[in-house]
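Note sheet for the following structure.
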Amino acid sequence: MHERILGVARELFLTQGFSETTVDQIAERADVAPATFFNHFQSKSALLELMTGEVFEVLTAITAQAFGGGGSSSDKLRRFIASATEGIAANRGVARDVLLELMGRDASADGPHPYLENLTEPFVELIRAGQKTGEMRSDDEPEFLAQMAMGMLNSAITNWLTDPTYPVESGLARATDFTLRTLCEAPTDQKNPT
C-alpha cells in the first residue's frame with residue numbers, strides 16, 4: 001500500500017507537478033481513502049521529503065558509477081553530468097521540485113550544503129587524480145578546484161530552479177565544457193598566495 005501510494009504520487013508529480021497535485025488525487029488514483037493516505041504519510045510534503053532522500057541515494061550511485069569507471073578525469077566528469085542530465089530530463093517536473101526541496105534544507109556552518117555533501121569528496125578525488133596525471137591544473141589545491149567546479153556546475157541547476165524555462169540540459173553541457181576548460185587549462189602564472 002505504502003509503495004503504491006508513493007508510486008502514484010511520483011507519477012502525478014511528474015505529469016502535473018507537485019503543487020498542482022492534491023492528496024485526494026493521489027488517494028483516488030491509488031484506490032485508497034484519503035485517511036489511508038494519511039496513515040502512511042503525514043502530508044503531501046512528506047512524500048516529497050521522502051523523494052528528496054531518495055535523490056541523495058541516486059546521486060551517490062551516479063557519482064560512484066561515473067567516477068569509478070575507466071577513462072580520464074574529464075571523461076568521468078562528463079559521464080557524471082550526462083547521467084545527472086538524463087535523470088533531470090526524464091523527470092523534469094519532479095526533479096525540479098525535489099531539488100528545490102533539497103536546496104531549501106538548512107546547511108550547517110560546519111560543512112557543505114546537504115545537496116552537495118555527497119559530491120564534495122568524490123570531486124576532490126577526481127581532481128586530485130587529474131592533477132597526478134597532468135590532465136588538470138595543479139596550481140591550486142584539489143579542494144579549492146572542486147569547490148569552484150561544483151559551483152560552476154551548480155550554477156546551471158540554480159538558474160533552472162529560479163527559472164523553470166531555463167534550458168538546464170544545454171546549460172549543464174555548457175557549464176561542463178567551461179568547467180573542464182578551467183580545470184584543464186595550464187596556469188599562466190604562479191599561484192596567487194592570498
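Taking helices (runs of 4 or more DSSP H) as the structural unit, those lying wholly within segment 1-106 and holding at least 1 residues that are more than 26 Å from N154 (Cα to Cα) correspond to 2-16, 23-30, 34-40, 44-68. Counting only residues that are farther than 25 Å from T165 by Cβ and at pLDDT below 90, how many does segment 69-104 have? Matching residues across segment 69-104 total 1.
Checking each residue in segment 172-186 for being small (G, A, S) and surrounded by 18 or more Cβ atoms within 10 Å (Cβ to Cβ) picks out only A175. Inclusion of L145 among residues that are under 17 Å from A66 (Cα atoms) and either crowded, with 17+ Cβ neighbours inside 10 Å or modelled with pLDDT under 95 (or both) is not warranted. If only residues of segment 121-142 that are of a type in the set (D, E, K, R), out of contact with any helix residue (DSSP H, G or I) (no Cβ under 6 Å at 6 or more places or on another chain) and open to solvent by 60 Å² or more (accessible area, probe 1.4 Å) are counted, the one that is farthest from E185 (Cα to Cα) is E121.
To keep it simple, each residue is scored yes or no on (1) farther than 21 Å from E57 by Cα; (2) over 14 Å from the mean Cα position of the chain (by Cα); (3) aliphatic (A, V, I, L, M).
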position	(1), (2), (3)
L119	no, no, yes
F123	no, no, no
R128	yes, yes, no
G134	yes, yes, no
S138	yes, yes, no
L153	no, no, yes
L161	no, no, yes
T182	yes, yes, no
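Any residue at all in segment 27-44 that is out of contact with any helix residue (DSSP H, G or I) (no Cβ under 8 Å at 6 or more places or on another chain) and within 30 Å of Y166 (Cα to Cα)? Checked segment 27-44: no residue is out of contact with any helix residue (DSSP H, G or I) (no Cβ under 8 Å at 6 or more places or on another chain) and within 30 Å of Y166 (Cα to Cα).
The values are calculated or read from the model by the stated rules, or taken from the named source; none is laboratory data. No experiment lies behind these values; they were computed from the predicted model shown. Neighbour counts run over all protein chains shown; Cβ positions are idealised from the backbone, glycine included. Please note that ligands, DNA and RNA were not included when accessible areas were found on the heavy atoms of the full protein model with its side chains. Shrake-Rupley method; radii C 1.70, N 1.55, O 1.52, S 1.80 Å.
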